[in-house]
Structure formats: structure tokens, C-alpha cells
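Student: Just passing along the structure, written as C-alpha cells.
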Amino acid sequence: MLKKEGLPSINELCIATVDKIFELGAYVKLDEYGGLEAYLPWNEVSSKWVKNIREVIKEGQKIVVKIIRVDRRKNQVDVSLKRVAEAERKRKIKEWKRTRRAWKILETVAKGLGATPEEAYSEVWLKLERSYGDVMAGLEEAAAVGAEVLRKVGVPDRWIDALMEEVPKHIRVKRVKIAERLIMTTYEPDGVYRIREMLKALAEVPKEGVTVRIYTEGAPRYVVELVGSDYKVLEATLSEMVSKAETLGKKLGVSISFERIKLG
């Protein structure tokens, strides 16, 4: 598992495993710091009075703690359980699970490439972390948009194909669809050619991450369907297509009107 370097910071939230419980406190191991030992004082276990610490925690239990003291000279850390709000606990657990998922994906890819964990960390993890903050968010973006996401942040080519093959096995991308009906008419003798040029130009508008399908319901009615992972991007793309159709229609002498199609 990915390991943070050095010692944690004051007020940092950490995932910990309860190791040893005593009458006046407990020792826990900070999972994200390679099992670094930290002390949980009795009065930092619960905001309510408890007769026995074991009423709150047990050996082997995973908990979220807050760093309250760090002695960098002695390499000692004290933590609190009671100072972690419920919202903070849920957020930290979600973050930790996402980090573990992302690292597992990267480990699998590294193994397939014959690369070391250190190479995976320096060549992929750090680049996504710097750009997205959350590495899983970067992988989700790659799953939704495509390999260009990885290329833009500087991931070496040898990783990209392997990641794009592995990522969809772990990340399901939500797809949304919108559609518009175009009614195009012209009385020019080469009208078929002009409408064909219109449709060809419209198909060139969508950007990476947006799939377009244009088909006829029977002349002069045509349907433009856009599919992607971001509804706002689809709407912006459709707006651009409509604008282009209007401009090109005037140039080619094609009358055009639009109807939004309600999808179930």
C-alpha cells in the first residue's frame, strides 16, 4: 500500500489500526504512514465517560484519528479519537477507500508492465495527484474522456495503453444522452449534396469524450444524438452544433429548424 513519508501534521486525519489497549490509553498504528506507532490517551478516546476503553475500541479495529501532538525529535505522535467529528470520519474513510482503489489499479498495471511500485508512484501517481489532488479523480476522468487525460498530465506512453485497458474494469462511467431533431429543407437542385455537407460538418463538432450519432427519420427530419459523461459538456456541444448549423444553413441555402427530443 502507498506510504506517506515523514511524520503527520497537527490536526491531520489518519486511518489507524488499534494495536494494544491499556488501562490509561492505547497504541495504534497509522496505516498511511507505514504502520507508524501513535499513542491514544484515555481522555482522548471518548467525549463521554466510559468505565473501560474497550467499550469504545478493540484490538484490530480500524478507526479515524486526529493528530494532536508530534514530537519530531523523538519521533512520537499522539492522537485523538473524540476530536474527530462524524462528518470528518466519513469523509476520511471515503478518501482512504478511493486512495486504496487507485493504488490497487496502479499496482496491477505495474505488475503487468514489469514495473516497480516506485516507478508507478513517480511516473503516474505523482503526476495525477499534482493535477487532480485525488488520483482516483484523475483515473475517473481518463475512463470518461480517454487517454488524452493521462497524456496531458505527462504520464509516459508505456503506461497509457495498459491503464486504459485496466481502468474500465474498476470504474463504471455514468453515461448521459441528449438528442435534437433537425428539420432541413432546400429547393436547390443539388439539395441532397448540400444537406449531406451540413451533416458532415456537424459530425466534426464534438470533442473528445462526446460520441455523436446522426441519422435520418426520413427526409427532411434528422436526429442528432450526443452521448457523454457530463451533461453540461453535452449541452455546450449541442449548442455549438446548432450555431454551426444555422450559420452553414444560410451559406448553403438550407432552411433549418430544431426540436428537442425528450428521452426516457
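Student: Under the condition of being touching a strand residue (DSSP E or B) at 6+ places or on another chain (Cβ under 8 Å) and either polar (S, T, N, Q) or surrounded by fewer than 12 Cβ atoms within 10 Å (Cβ to Cβ) (or both), which residue from region 183-215 is modelled with the lowest pLDDT?
Tutor: Per the criteria, the residue is T211.
Student: A further question on this structure: Would you check which residues across region 208-264 are closer than 12 Å to E180 by Cβ and in contact with a helix residue (DSSP H, G or I) (Cβ under 8 Å, 6 or more places away or on another chain) and list them?
Tutor: V212, I214, Y222, V224, L226, M241, A245, I256, F258
Student: Output the residues belonging to region 69-86 that are free of Cβ contacts under 8 Å to residues at least 60 places away in the same chain and touching a Ser or Thr at 6+ places or on another chain (Cβ under 8 Å).
Tutor: Narrowing region 69-86 to residues free of Cβ contacts under 8 Å to residues at least 60 places away in the same chain: 69, 71, 73-74, 76, 78, 80-83, 85-86.
Across region 69-86, the qualifying residues are L81, K82.
Student: Among the residues of region 120-154, which ones are buried (at least 16 other Cβ atoms within 10 Å of the Cβ) and farther than 23 Å from K174 by Cβ?
Tutor: Passing the criteria: A120, Y121, E123, V124, W125, K127, E129.
Student: Have a look at K97, K92 and point out the one that is surrounded by 12 or more Cβ atoms within 10 Å (Cβ to Cβ), within 24 Å of W159 (Cβ to Cβ) and not assigned by TED's automatic domain parsing to the domain that holds E23.
Tutor: K97
Student: Filtering region 158-171 down to residues that are over 15 Å from K104 (Cβ atoms) and in contact with a helix residue (DSSP H, G or I) (Cβ under 8 Å, 6 or more places away or on another chain), which residue is surrounded by the most Cβ atoms within 10 Å (Cβ to Cβ)?
Tutor: Result: W159.
Student: Same structure again: Among the residues that make up region 7-23, is at least one of them among the hydrophobic types (A, V, I, L, M, F, W, C), assigned to a loop (DSSP other than H, G, I, E, B), closer than 22 Å to W125 by Cα and not assigned by TED's automatic domain parsing to the domain that holds W96?
Tutor: Yes, region 7-23 contains a residue that is among the hydrophobic types (A, V, I, L, M, F, W, C), assigned to a loop (DSSP other than H, G, I, E, B), closer than 22 Å to W125 by Cα and not assigned by TED's automatic domain parsing to the domain that holds W96.
Student: Name, by its number, the condition in (1) at positive phi; (2) touching a residue at least 60 places away in the same chain (Cβ under 8 Å) that does not hold for W103.
Tutor: (1)
Student: Moving on. Taking K90 as meeting all but one of (1) among the charged types (D, E, K, R); (2) free of Cβ contacts under 8 Å to residues at least 40 places away in the same chain; (3) more than 23 Å from S9 (Cα to Cα); (4) part of a helix (DSSP H, G or I), write down the number of the exception.
Tutor: (3)
Student: Quick check on E23: is it more than 30 Å from T116 (Cα to Cα) and surrounded by 17 or more Cβ atoms within 10 Å (Cβ to Cβ)? It would help to see each step written out before you state the result.
Tutor: On the way: more than 30 Å from T116 (Cα to Cα): yes; surrounded by 17 or more Cβ atoms within 10 Å (Cβ to Cβ): no.
In short, no.
Student: I would also like to ask the following. Give just the number: which of (1) touching a Gly at 6+ places or on another chain (Cβ under 6 Å); (2) within 30 Å of L202 (Cα to Cα) does L128 not satisfy?
Tutor: (2)
The values are calculated or read from the model by the stated rules, or taken from the named source; none is laboratory data. Predicted model only: the values in this text are computed from it and were never measured. We place every Cβ from the backbone using ideal geometry, glycine too, and count neighbours over all the protein chains shown.
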